[in-house]
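Colleague: Let me give you the structure first, and then I'll get to my questions.
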Amino acid sequence: MDSIWIEGGKTLEGKIPISGAKNAALTLIPCALLTDEPLTLGNLPRLADVDSFGHLMNELGVSTQVSGKKAGEFKRKITYSGADISSTVAPYELVRKMRASILVLGPMLARMGEATVSLPGGCAIGDRPIDLHLKALEAMGAEIELAEGYVKATAPKGKLPGGDFEFPVVSVGATENAVMGAVLCEGTTQLFNAAREPEIVDLCNCLVAMGADIEGIGSSHLTIKGVEALHGADYEVMPDRIEAGSYACAAGITGGSIELVGARASDMLATTNALAAAGMLTEFTDDGIKVTATEKLRPLAISTAPYPGFATDMQAQFMAMMTLADGDSYLEETIFENRYMHVPELRRMGAEIETRGRSAIVRGVDGLTGAKVMATDLRASMSLVIAGLAAKGETEVLRVYHLDRGYERLEEKLAGVGATIERRSGG
């Protein structure tokens, strides 16, 4: 099994190209199920999750064609053609690898009138039930049955009539499934307390490009008027705000300066505000965002929250950075109840972190020491890499398949700004 090896202590300087957003890509790909015309997605990152979702789409009868891939380039295009859907069953063998697979439920139900999807897998970062996905679809007229680890959804008359639903708590995935389920309804659907993440805006913009009628994009109140059919489109995936924030933390912990080429400042204001509060200089350039560590890192008080609050997907990376801050930092994880699994590994590197339930106190230390550590989930993996970049000596991060799910060409990008990092086989 591969591992990532890092010799820490190098100041990172230079430019890192930001890839297309993993979380947006996994939402846009199932849109191909909504039309019999081709959907071409550009700026798709080369990630294990994107490839896994492609395999699932193939299983359902959607063909894929890759183009625009040249040596040394980070961007690629894939055309998804769903003219002949051959199956409405998303099997356990594919769905178990990735939680985002549940996002085929809404579009398949909307177009085919039925969908059977295995209950999903993904990172072990806490209980992430899909009850809100199902309740939203039921509000639109779907009949839902749970049996033998599968969700079976049907539209009694072949098409969903549409309806209104208010999310009791903000849910990104449920909002995405509901929006895709609503675009082909016979009537109008209103979603209240909908998630507002940039990835959902990206989804809505893509659906509008395909002919959907959606009002209130970017707000918590979405009105979706069902249309008879959607057509194909050529759409560019938004830049990955979580990847950009992760590399910003790498600049901060190493006392460096990195320009995040392609990053979109409007998508990540909570992150850039936190970087500024930590004493980093953030400059918005024509090409993206430049982040520079100008002084000893200041401690922070951070609480995760739905967008536009501080993203839960950035909590682990900021925790790693705060291990070298000048004082005590306080973190509160409000989204998932089991998202501190990176803490024991950071402690192995000399970090002083105390957790109490969903709260954590990070007491800044003078330095970290390299160690062999084990990744437990995607963002935890990146926190260990960030810590390793600043640690004295060598760090080896095991279970890097987690990293491969969400960070495109990690070693290449970090080596390009001065890190001593490589992938080794057999770790």
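Colleague: Mind listing just one residue for me: the one in the range 248-270 that is among the hydroxyl-bearing types (Ser, Thr, Tyr) and either under 15 Å from the mean Cα position of the chain (by Cα) or surrounded by fewer than 24 Cβ atoms within 10 Å (Cβ to Cβ) (or both) and, of those, nearest to Ala419 (Cα to Cα)?
Modeller: As a first pass, look at the range 248-270 and keep what is among the hydroxyl-bearing types (Ser, Thr, Tyr): 254, 257, 266.
Those still in the list that are either under 15 Å from the mean Cα position of the chain (by Cα) or surrounded by fewer than 24 Cβ atoms within 10 Å (Cβ to Cβ) (or both) too: 257, 266.
On the way: Ser257: 12, Ser266: 28 Å.
Only one residue tops the list, namely Ser257.
Colleague: Regarding the range 142-151, can at least one residue be identified that is assigned to a helix (DSSP H, G or I) and among the hydroxyl-bearing types (Ser, Thr, Tyr)?
Modeller: Within the range 142-151, none of the residues are assigned to a helix (DSSP H, G or I) and among the hydroxyl-bearing types (Ser, Thr, Tyr).
Colleague: Which fully enclosed strands (runs of 3 or more DSSP E) of the range 35-118 have 2 or more residues being closer than 16 Å to Leu230 by Cβ?
Modeller: 39-42, 77-81
Colleague: Another one. Quick one: would you say Ala316 is assigned by TED's automatic domain parsing to the domain that holds Gly8 and surrounded by fewer than 24 Cβ atoms within 10 Å (Cβ to Cβ)? Talk me through it step by step, then tell me what you get.
Modeller: Working: assigned by TED's automatic domain parsing to the domain that holds Gly8: yes; surrounded by fewer than 24 Cβ atoms within 10 Å (Cβ to Cβ): no.
In short, no.
Colleague: Looking at Gly158, Gly162 in this structure, which one is at pLDDT 85 or above, part of a loop (DSSP other than H, G, I, E, B) and buried (at least 20 other Cβ atoms within 10 Å of the Cβ)? Working first, answer last.
Modeller: Details: Gly158 fails: buried (at least 20 other Cβ atoms within 10 Å of the Cβ).
Residue meeting the stated conditions: Gly162.
Colleague: A follow-up question, please. Would you mind listing the helices (runs of 4 or more DSSP H) fully within the range 347-427 where at least 2 residues are touching a Ser or Thr at 6+ places or on another chain (Cβ under 6 Å) and touching a residue at least 40 places away in the same chain (Cβ under 8 Å)? Before the answer, list the steps.
Modeller: Numbers: elements: 378-390, 401-404, 410-415.
Here the list reads 378-390, 401-404.
This table checks each residue for (1) part of a loop (DSSP other than H, G, I, E, B); (2) touching a residue at least 12 places away in the same chain (Cβ under 8 Å); (3) among the basic types (Lys, Arg); (4) under 27 Å from Ala194 (Cβ atoms).
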position: Asp286; (1), (2), (3), (4): yes, no, no, no
position: Ile289; (1), (2), (3), (4): no, yes, no, no
position: Glu295; (1), (2), (3), (4): yes, yes, no, no
position: Pro299; (1), (2), (3), (4): yes, yes, no, no
position: Ser303; (1), (2), (3), (4): no, yes, no, yes
position: Pro306; (1), (2), (3), (4): yes, yes, no, yes
position: Gln315; (1), (2), (3), (4): no, yes, no, yes
position: Met319; (1), (2), (3), (4): no, yes, no, no
position: Asp326; (1), (2), (3), (4): yes, yes, no, no
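Colleague: I'd like the residue in the range 75-97 that is farther than 24 Å from Met210 by Cβ and not acidic (Asp, Glu) and, out of all such residues, is farthest from the chain's Cα centre (by Cα).
Modeller: Val89
The values are calculated or read from the model by the stated rules, or taken from the named source; none is laboratory data. Keep in mind the model is a prediction, meaning the values are calculated, not measured. In this analysis, Cβ positions are derived from the backbone assuming ideal geometry, glycine residues included, and neighbour counts consider all displayed protein chains.
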